[in-house]
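Before any comments, here is the structure.
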Amino acid sequence: MDLELTCIGCGITIQTDQPGKEGYAPPASLEKEEVICQRCFRLRNYNELQPVSLSGDDFLAILNGIGDRSGLVVLVVDIFDFNGSWIHGLQRFVGKKDILLIGNKADVLPKSVKRSKLINWMREAASKLGLKPADVLLVSAAKGQGVPEALERIEELRKGQDVYVVGCTNVGKSTFINRIIKNATGTGEVITTSHFPGTTLDLVEIPLDDGRAIYDTPGIINNHQMAHYLDPSELKAITPKKELKPKIFQLNAEQTLYIGGLARFDFLQGERSSFTVYTSNELNIHRTKLENADMLYETHRGGMLAPPSEQSLDKFPDLVRHEFSVKKPKTDIVISGLGWITVQHANVVVAVHAPRGVDVMLRTSLI
């Protein structure tokens, strides 16, 4: 039978007939004051994600419905993966509404980074991507840093209207909303959060005191992010939870770095140079000679060069080569969802090998 109940964790309509489908809850659980679907229950209690059959198009259709409504849009991006977590064409969905841009996971960047510089960098980067935000803020949703200020700014900018929080999968959007709820009401976790992409399944409505609401929207799936090519058990290794410890390498031409088995960096031409690698502290980096690089990968991928582990090698895409001639010093080469390598000196030629489908791009140095 159809029930007009929705899951407090992910917003999906509850059903009791099909245990393997989205929205299932055991009939007995409907007696409880707050109903939660089995998927959210297992995610909260066992950190176990059940697969979802909603496509990216389904998510976009939900987001599309926001365009006709008035209110403030809060765009949450992952500051560690700014370009990879950007929603391209957001203006098409949101119309003329004000947009507050929030960079989450600010706690993982080295403390030496000045916040004012980072905010200016975000503003410039957003402008190049066609967005002029009403304001730009930095937060750490996981630690609660900057959340009270964000809540205050949302209150000012929404002008008594609804708020729609949007973002790609895995940017910490639901964690951010849970923090807002906790700050505003003292209540603990309400929305289901995890480090797995694609947790929120429909619009989740959080009522505000004035009769308006904050809406958490499903994460948009950006298929060019590294997370979509890894086994869920390996995501922790690439998702930084602590302050990044930059790794500096002095390389001569024709030397290679492997970032686990996920990506490869070749220094092809130029004077001896410094390269700084910003990736999760849990990832091992191996240096070798360019002439040995192919053999090393064939022999040790899934073992010494991991992740991906041996079990997930068969579904991991081939590495595709991207060559760059870097003219300016302090240029970042970004591998979407994995991190970046800062080229410290000018006039070098490098190549990055990243999984097929994962974006690789140049930008002015973030740090």
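The values are calculated or read from the model by the stated rules, or taken from the named source; none is laboratory data. Keep in mind the model is a prediction, meaning the values are calculated, not measured. Cβ sites come from the backbone with ideal geometry, for glycine too, and all protein chains shown count toward neighbours. Protein only, heavy atoms only, side chains kept; ligands, DNA and RNA dropped before computing areas. Shrake-Rupley method; radii C 1.70, N 1.55, O 1.52, S 1.80 Å.
Worth pointing out:
- Test: residue in the range 72-94 that is open to solvent by 30 Å² or more (accessible area, probe 1.4 Å) and of a type in the set (Val, Ile, Thr): no
- Residue match in the range 303-318 (condition: open to solvent by 80 Å² or more (accessible area, probe 1.4 Å), in contact with a helix residue (DSSP H, G or I) (Cβ under 9 Å, 6 or more places away or on another chain) and either closer than 17 Å to residue 267 by Cβ or of a type in the set (Lys, Arg) (or both)): yes
- Residue within the range 2-19 that is farther than 30 Å from residue 339 by Cβ, open to solvent by 60 Å² or more (accessible area, probe 1.4 Å) and either among the small types (Gly, Ala, Ser) or modelled with pLDDT under 85 (or both) present: yes
- As a summary of the residue check, residue 241 satisfies the conditions (1) touching a strand residue (DSSP E or B) at 6+ places or on another chain (Cβ under 9 Å); (2) open to solvent by 30 Å² or more (accessible area, probe 1.4 Å) except for the one numbered (1).
- Unmet criterion (only one of (1) under 20 Å from the mean Cα position of the chain (by Cα); (2) open to solvent by less than 40 Å² (accessible area, probe 1.4 Å)) for residue 362: (2)
- Taking every residue in the range 308-323 that is among the basic types (Lys, Arg) and pairing it with any residue that is not in a helix (DSSP H, G or I), at least 6 positions away or on another chain, the pairs with Cβ-Cβ distances below 7 Å are 321/351; 321/353.
- Within the option set 264, 287, being open to solvent by less than 30 Å² (accessible area, probe 1.4 Å) and over 24 Å from residue 169 (Cβ atoms) holds for one residue only, 264.
- Strands (runs of 3 or more DSSP E) within the range 57-162 that include 2 or more residues within 19 Å of the chain's Cα centre (by Cα), under 22 Å from residue 11 (Cβ atoms) and in contact (Cβ under 8 Å) with a residue 24 or more places away in the chain: 72-78, 99-104
- Of the strands (runs of 3 or more DSSP E) lying entirely inside the range 217-274, those containing at least 1 residues that are of a type in the set (Ser, Thr, Tyr), more than 14 Å from the chain's Cα centre (by Cα) and at pLDDT 95 or above span 255-259.
- The set of residues in the range 323-350 that are surrounded by fewer than 17 Cβ atoms within 10 Å (Cβ to Cβ) and either of a type in the set (Lys, Arg) or part of a strand (DSSP E or B) (or both) comprises 323, 325, 327, 328, 330, 349.
- Scanning the range 351-367 for residues that are in contact with a helix residue (DSSP H, G or I) (Cβ under 7 Å, 6 or more places away or on another chain) and either assigned to a strand (DSSP E or B) or at pLDDT 95 or above (or both) yields a total of 1.
- Residue check for residue 66: open to solvent by less than 60 Å² (accessible area, probe 1.4 Å), of a type in the set (A, V, I, L, M, F, W, C) and modelled with pLDDT of 85 or more: no
- Within the range 95-143, restricting attention to residues that are touching a Pro at 6+ places or on another chain (Cβ under 8 Å) and closer than 24 Å to residue 361 by Cβ, the residue that is surrounded by the most Cβ atoms within 10 Å (Cβ to Cβ) is 105.
- The conditions of being among the basic types (Lys, Arg) and touching a Ser or Thr at 6+ places or on another chain (Cβ under 9 Å) are met by residue 287.
- Among residues of the range 22-38 that are more than 14 Å from residue 4 (Cβ to Cβ), those with a beta-carbon under 8 Å from a residue that is open to solvent by 80 Å² or more (accessible area, probe 1.4 Å) and assigned to a helix (DSSP H, G or I) at least six positions away or on a different chain give the pairs 36/44.
- Filter result for residue 251 (at negative phi and open to solvent by less than 40 Å² (accessible area, probe 1.4 Å)): yes
- Single condition residue 27 does not satisfy, out of (1) surrounded by 13 or more Cβ atoms within 10 Å (Cβ to Cβ); (2) at pLDDT 75 or above: (1)
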